[in-house]
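Chemist: I have a structure here, written as structure tokens, and I will follow up with some questions on it.
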Amino acid sequence: MGTVDLSVYRKDFPMLDGKTMNGHPLVYFDNAATTLKPRKVIDTVLKYYEEETTNVERGDSALSALVSAKYENVRKIIAKFIGCDPEEVVYTSGATGALNLLAEGYGMKFLSEGNVILTTEEEHASNLLPWFRVCERTGAKMRYIPLTEEGRVTEENVRSSMDEHVKIVTLAGVSNVLGYEAPLKGIADIAHEYGAVFAVDGAQAVPHFELNMKEMGIDFLSFSSHKMCGPSGAGVLYGRKELLEKMDPANLGGGSNARFDRYGKIILREVPDKFEAGTQPIEGILGMGAAAEYLMEIGMDKIHAYEKELRDYLVKRMEELPNVKVYNPDAETGIVTFNVEGVFPQDAGSYLSSRGIALRSGQHCAKILPDFLKVPGTVRASLYFYNTKEECDTLIEALKTCTVENAVDIFI
Amino acid sequence: MNSMLKDPGILREIIMDHYQYPRNKELTEDKGYKKVHMASDSCIDNIYVQGKVEDGIIKDLRFDGIGCTISTASTSILSEMLKGKTVEEAKHIMQEYSRMISGEPFDEDLLEEAVAFQNVYRQPNRVHCATIGLHGIERILKGENDDE
Ligand SMILES: Cc1ncc(COP(=O)(O)O)c(C=O)c1O
């Protein structure tokens, strides 16, 4: 297709090798929920199970030393992937784990009455609820940056929402409902002008385009391995080193302390180890490293360009359909949010599933957003680099017959 | 059972009719009602169910809110079917309905139009749509009231 052709990578994904759903070839358009895994990632995980099982950083065996080195090397891979230093990479259970660690370890410690957490109304629950609790416990307050009519965050609106009370600006690099890219570098500069730290929920951004922490001036970044072709159960909190050093861990226990005594005195290990109490999902972290390498081999620029071209194609074809309304025609990423006229989102989702198309209906964990869009929910198709124009055509054909009657028929 | 209720066209008509023209879909301010809020965190369905029980008889059942075809139609049908029944009769019908939705054998004659949902169990991620109204009515019969 078009200018960039990534279809050669489809063969790397076992899930794309002839799998069917409800009797139709599977069209996987639910990549914002989770992505498919390439053979390289699957093999890395299997290899740990079949040939490398051992705990890391605490064994005397040669095997443990070998796997520990691989495990630590993932920090280097991730550092290269997002443009930071390896010791600024903290392993977490995922984006949600990272955001909770940030709220708990930074928010609870440094916020107090009179402080403001600045965010938007289109955040995922994982970037709101931990901060609600910080507010409840510290007396800080939430403030929401107004969105444009389209649903975008702009530098102007961030600036007009800033004052000296704002201590943290936290928002999604890409909204999981509308797929818009926030102007991260500009927002980082504004936040810093006011002495605030800038945290990015990168769950929907990191898998789709290149982010460079140092160049962009981002202070914290959270993301999940499973949304970038890696295993679930693993993720990352990146933090600028001096901020991580000041922060408290959310969990305490084995592996995070250098020593402790019977009187309760604890000496924590250095960053990032002090945040990683207990055995981490070792195979998940190894698989996450393989995933980041895989994406870098393809090239994030190519992935971004291909996705944009594919989504523009899908939107153009959707707009030819009289019964479909697209809410984010101009977004930059693979998220296409729409409704089928007269068909409740969940009915449309089930009907499309009966035609082999996996996508998602609902509020997409952003429960404040329906007020903004003025609909109870939407259907979301989220594309990734292994999707094709032909798959978009399959969706278009299915949408042509997506009526209430047909949606009810799947229950008969 | 009425053989018409085996005809797919008729089953579809029943669901469509109760979705497009739901019965008892309006709440009341009248006294003596209990009201429960039923919302699912995994989908968009968000309804209120209201009911009045006197002397062991279900005098009225109502609902309102946002729901898909299956949740709206099933709540509409259940409200029609259970109104006027004794609490004991209603519980029996609801039990049979639950069996049907779980894909177990059930008493077809007892369920009347609700047999339109006999195949919902084949769509496991939609089962909760067919039971949101049911669970609301169960809560009302237990005497729960979210307004208190
Ligand atoms: C924007 C955004 N933030 C956070 C999350 C949470 O990710 P996870 O469930 O992997 O922790 C998601 C997942 O959907 C998301 O889209």
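The values are calculated or read from the model by the stated rules, or taken from the named source; none is laboratory data. Keep in mind that what you see is a predicted model, and the values were worked out from it rather than measured. Cβ placement follows ideal geometry from the backbone for every residue including glycine, while neighbour counts extend to all protein chains displayed.
Conditions (1) away from the ligand (no atom under 16 Å from the Cβ); (2) surrounded by 13 or more Cβ atoms within 10 Å (Cβ to Cβ), marked per residue:
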residue: A:Lys37; (1), (2): no, yes
residue: A:Asp43; (1), (2): yes, yes
residue: A:Lys47; (1), (2): yes, yes
residue: A:Glu50; (1), (2): yes, no
residue: A:Thr54; (1), (2): yes, yes
residue: A:Arg58; (1), (2): yes, no
residue: A:Ser64; (1), (2): yes, yes
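Per-residue answers, yes or no, for (1) among the charged types (D, E, K, R); (2) modelled with pLDDT of 95 or more; (3) under 18 Å from the mean Cα position of the chain (by Cα):
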{"position": "A:Ser225", "(1), (2), (3)": "no, yes, yes"}
{"position": "A:Arg240", "(1), (2), (3)": "yes, yes, no"}
{"position": "A:Leu243", "(1), (2), (3)": "no, yes, no"}
{"position": "A:Arg262", "(1), (2), (3)": "yes, no, no"}
{"position": "A:Arg269", "(1), (2), (3)": "yes, no, no"}
{"position": "A:Gly287", "(1), (2), (3)": "no, yes, yes"}
{"position": "A:Leu295", "(1), (2), (3)": "no, yes, yes"}
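Chemist: Please specify each residue of region B:94-125 satisfying the condition of being under 18 Å from B:Glu80 (Cα atoms) and aromatic (Phe, Trp, Tyr).
Modeler: Across region B:94-125, the qualifying residues are B:Tyr97, B:Phe117.
Chemist: Can you find even one residue in region A:123-141 that is away from the ligand (no atom under 16 Å from the Cβ), at pLDDT below 95 and farther than 16 Å from A:Ala199 by Cα?
Modeler: Within region A:123-141, none of the residues are away from the ligand (no atom under 16 Å from the Cβ), at pLDDT below 95 and farther than 16 Å from A:Ala199 by Cα.
Chemist: Suppose we filter A:Val315, A:Val379 for residues that are in contact with a Pro (Cβ under 7 Å, 6 or more places away or on another chain), more than 26 Å from B:Ile66 (Cβ to Cβ) and among the hydrophobic types (A, V, I, L, M, F, W, C); which single one remains? Please lay out each step first, then the result.
Modeler: On the way: A:Val379 fails: more than 26 Å from B:Ile66 (Cβ to Cβ).
The conditions single out A:Val315.
Chemist: Further question on the same structure: Looking only at strands (runs of 3 or more DSSP E) that fall completely inside region A:308-412, which ones have 2 or more residues that are more than 14 Å from every other protein chain (Cβ to nearest Cβ) and in contact (Cβ under 8 Å) with a residue 40 or more places away in the chain?
Modeler: Numbers: elements: A:324-326, A:335-340, A:360-362, A:378-382.
Answer list for region A:308-412: A:335-340, A:378-382.
Chemist: Hand me the list of helices (runs of 4 or more DSSP H) wholly inside region B:80-148 holding 2 or more residues that are within 14 Å of chain A (Cβ to nearest Cβ) and within 27 Å of A:Ser354 (Cα to Cα).
Modeler: Working: elements: B:87-101, B:108-111, B:127-141.
Here the list reads B:87-101, B:127-141.
Chemist: I would also like to ask the following. Could you grab the pairs with beta carbons closer than 7 Å, sequence gap of 6+ or different chains, first residue in region A:161-172 and within 16 Å of the ligand (Cβ to nearest atom), second one among the hydroxyl-bearing types (Ser, Thr, Tyr)?
Modeler: A:Thr170/A:Thr119; A:Leu171/A:Thr119; A:Leu171/A:Thr120
Chemist: Still on this structure, I have one more. Out of the residues in region A:127-177 meeting the condition of being more than 24 Å from the chain's Cα centre (by Cα) and hydroxyl-bearing (Ser, Thr, Tyr), tell me which one is farthest from A:Ile187 (Cα to Cα).
Modeler: Top of the filtered list is A:Thr138.
Chemist: Please enumerate the residues belonging to region B:69-110 that are among the acidic types (Asp, Glu), loosely packed, with under 15 Cβ neighbours inside 10 Å and in contact (Cβ under 8 Å) with a residue 24 or more places away in the chain.
Modeler: B:Glu88, B:Asp109
Chemist: So for region A:84-99 (the condition being modelled with pLDDT of 95 or more, on the phi > 0 side of the Ramachandran plot, crowded, with 18+ Cβ neighbours inside 10 Å and touching a Ser or Thr at 6+ places or on another chain (Cβ under 7 Å)), does at least one residue qualify?
Modeler: Within region A:84-99, one or more residues are modelled with pLDDT of 95 or more, on the phi > 0 side of the Ramachandran plot, crowded, with 18+ Cβ neighbours inside 10 Å and touching a Ser or Thr at 6+ places or on another chain (Cβ under 7 Å).
Chemist: Out of A:Val197, A:Val206, A:Val177, A:Val236, report the one residue that is within 14 Å of chain B (Cβ to nearest Cβ) and either within 10 Å of the ligand (Cβ to nearest atom) or in contact (Cβ under 8 Å) with a residue 60 or more places away in the chain (or both).
Modeler: Working: A:Val197 fails: within 14 Å of chain B (Cβ to nearest Cβ); A:Val206 fails: within 14 Å of chain B (Cβ to nearest Cβ); A:Val236 fails: within 14 Å of chain B (Cβ to nearest Cβ).
Every option except A:Val177 fails the conditions.
Chemist: Give all pairs with beta carbons closer than 9 Å in which a residue from region A:22-40 that is without any contact (Cβ under 8 Å) to a residue 12 or more places away in the chain and in the same structural domain as A:Ser382 (by TED's automatic domain parsing) meets a residue that is surrounded by 20 or more Cβ atoms within 10 Å (Cβ to Cβ) and of a type in the set (Val, Ile, Thr); count only pairs at least 6 apart in sequence or on separate chains.
Modeler: No pair meets every condition.
Chemist: Next up: Are any of the residues in region A:221-244 of a type in the set (Gly, Ala, Ser) and over 28 Å from A:His364 (Cβ atoms)?
Modeler: From region A:221-244, those of a type in the set (Gly, Ala, Ser) are A:222, A:224-225, A:230, A:232-235, A:239; that's our starting set.
Then keep just the ones that are over 28 Å from A:His364 (Cβ atoms); that gives none.
No, there is no match, as no residue in region A:221-244 is of a type in the set (Gly, Ala, Ser) and over 28 Å from A:His364 (Cβ atoms).
Chemist: State which residue is nearest to the ligand (Cβ to nearest atom) when the search covers only region A:77-110 and only residues that are closer than 25 Å to A:Met296 by Cβ and of a type in the set (D, E, K, R).
Modeler: A:Glu88
Chemist: Another question about this same structure. I need the full set of residues from region B:71-103 which are under 10 Å from the mean Cα position of the chain (by Cα), of a type in the set (A, V, I, L, M, F, W, C) and under 19 Å from B:Asn125 (Cβ atoms), in order please.
Modeler: Quick first cut of region B:71-103, residues under 10 Å from the mean Cα position of the chain (by Cα) only: B:71-82, B:94, B:97.
In the following step, the residues that additionally are of a type in the set (A, V, I, L, M, F, W, C) were identified as B:73, B:77-78, B:81-82, B:94.
Passing the criteria: only B:Ala73.
Chemist: Would you point out which residue out of A:Asn251, A:Asn257 is in the same structural domain as A:Gly235 (by TED's automatic domain parsing), in contact with a strand residue (DSSP E or B) (Cβ under 7 Å, 6 or more places away or on another chain) and not basic (Lys, Arg)? Full working, then the answer.
Modeler: Values: A:Asn251 fails: in contact with a strand residue (DSSP E or B) (Cβ under 7 Å, 6 or more places away or on another chain).
It is A:Asn257.
Chemist: I need a count of the residues in region B:13-28 that are within 11 Å of chain A (Cβ to nearest Cβ) and touching an Asp or Glu at 6+ places or on another chain (Cβ under 6 Å).
Modeler: Initial filter on region B:13-28 (within 11 Å of chain A (Cβ to nearest Cβ)): B:13-20.
Imposing the further condition that a residue be touching an Asp or Glu at 6+ places or on another chain (Cβ under 6 Å) reduces the set to B:14.
Result for region B:13-28: 1.
Chemist: In region B:29-79, what residues are part of a strand (DSSP E or B), away from chain A (no Cβ under 11 Å) and polar (S, T, N, Q)?
Modeler: If the condition is that a residue be part of a strand (DSSP E or B), away from chain A (no Cβ under 11 Å) and polar (S, T, N, Q), then B:Gln50 is the only one that fits.
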